[in-house]
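What follows is a set of notes on a single structure, which appears directly below.
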Amino acid sequence: MESGAGITNDRFAEVLKHSSCLGQFRNGSNPWMARYVYGLIFLFSNLLAWAARDYGRGASVKMEKVNVCAGKSDCSGAEGVLRVSLGCFIFYIIMFLTTVAFFQIYGEIAHFGAGVFLLIQLISVIGFIRWLNDCCQSEKNAERCHIHAMLIATTSYVVCIIGVILMYIWYTPESSCLLNIFFITWTLVLLQLMTSVSLHPKVNAGLLTPGLMGLYVVFLCWCAIRSEPAGESCNRKAEASRRTDWLTIISFIVALLAIVVATFSTGIDSQCFQFRKAEKKDEDDVPYGYGFFHFVFATGAMYFAMLLIGWNTHHIIQKWTIDVGWTSAWVRIVNEWLAVCVYLWMVVAPIILKFRLAAEPV
C-alpha cells in the first residue's frame, strides 16, 4: 500500500511539473489553484493601494467626515493605502487562523462578545424608554401626551399581568416545577420593585417607564422559559413544538429577522452611551458613530452564533430551533435581572450623585 501511494504521488508531481499554468488553474482540485487565486488577490490589492495613493485625493472631503486625517489636509492617499493594506492583512490572517484550530478559541471568546452585545442592547432599550418618558413629561408635550402615556402605561401593566398568568398556566403544570415558579414569581417581584422605585417622590418617574420595562422583563422571562429544552415536564409547549411544521419555520425566520433588526437598531443608538449632549451636527453628517456601529455588528455576530448553538459549543441543536438549552435559559434570566439593575441604577443614580455633590464642602 505504501509503495502504491508513493507511485501515485510521483505521478501527481510529474503531472504538475509538465502541465501548463492554465491547465493547473482549470483543475479545480489542484492545490496550486489556491496559490494562484491568493496571488491574484495580492496583486489586485497592490494595484488598488497604488490607485488610492495617487488618485484618491478627490475623496479627501468625504474622508474628513470619518475623522481619519486628525486635522491634517490631503492625507487621503496615505489613509487609502493603509486601509487597503489592512483589508488585505485581515483577509490573509483570517485564512491563517482557519488552519490552526481557531474556532474553539473563538467559541469561548464569542461567549464574552455576545454578553457585551446583550448589555449594549438592554442599555439601548432602557435609553429609548427613558427618552420616550422624557418626551411625554416635557413642558411642550405634557398636556398632549398625558392621556396617551397613561393609556400606554395601563396597557403595559395589563399585558404584563396577562403574560405572568399565562406563564403560570403554560409552564407550571405541576407544583414540582419550582424553577419555573421561581422565575415567574421573581419577575412579578421585580415588576413591583421597579414600579415602587419609579413612583417614589424623589424619583417621580411616572408609570410609563416601569410599565414598558415590565413588558421587557416579562418578555425576557418568557424567552428564558421557552429556551428550556424539550422533554422537560414543566415545558409542555416545547414538547408540543418539537415536530417541524410551518409555524415552527415561520417562528424561526421571525427570530432571525428580530436579531437583525435588534442589531441594526442598537448599532445606530450610540447616543445612549454618551454622558454629555453631542454638539449640533451638519445635515450631511451620519447620525451615528461609524466605530460603534461596526462594533455592535461584530458583537452581534457572536450573539447570533451563541443563539444558534444554544450558548454551548458542544451542544447538539435540532433543526429549525434557535436559542434552546439550559445555558440559553439562564443567560436570558441573568439578562432580565441585569436589565432591572441597570434600570434602577439609571433612575436612582442622578439622585445619589446630586446628594453627594450637595454634601461636599465648598
Within the range 11-28, can one find any residue that is charged (D, E, K, R) and either modelled with pLDDT of 70 or more or surrounded by 13 or more Cβ atoms within 10 Å (Cβ to Cβ) (or both)? no
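Please state which one of Thr327, Thr313, Thr321 is under 26 Å from Ile184 (Cβ atoms), under 19 Å from the mean Cα position of the chain (by Cα) and either in a loop (DSSP other than H, G, I, E, B) or modelled with pLDDT under 60 (or both).
Thr321
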Within the range 139-190, tally of residues that are outside any helix (DSSP H, G or I), within 24 Å of Ala329 (Cβ to Cβ) and either open to solvent by 60 Å² or more (accessible area, probe 1.4 Å) or among the acidic types (Asp, Glu) (or both): 3
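Residues are listed down the side, and each one gets a yes or a no for (1) under 22 Å from Val217 (Cβ atoms); (2) open to solvent by 20 Å² or more (accessible area, probe 1.4 Å); (3) of a type in the set (Phe, Trp, Tyr); (4) out of contact with any strand residue (DSSP E or B) (no Cβ under 7 Å at 6 or more places or on another chain):
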| site | (1), (2), (3), (4) |
| --- | --- |
| Gln318 | no, yes, no, yes |
| Thr321 | no, yes, no, yes |
| Arg332 | yes, yes, no, yes |
| Val342 | yes, yes, no, yes |
| Met346 | yes, yes, no, yes |
| Ala349 | yes, no, no, yes |
| Ile352 | no, yes, no, yes |
Note on the range 79-104: residues open to solvent by 80 Å² or more (accessible area, probe 1.4 Å) and either of a type in the set (Lys, Arg) or modelled with pLDDT under 80 (or both) are Arg83, Thr99, Phe103, Gln104
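The values are calculated or read from the model by the stated rules, or taken from the named source; none is laboratory data. Since the structure is predicted, the reported quantities are computational estimates derived from the model, not experimental observations. Backbone-built Cβ (ideal geometry, glycine too); neighbour counts: all protein chains shown. We work out accessible area using only protein heavy atoms, side chains counted, and drop any ligands, DNA or RNA first. Shrake-Rupley method; radii C 1.70, N 1.55, O 1.52, S 1.80 Å.
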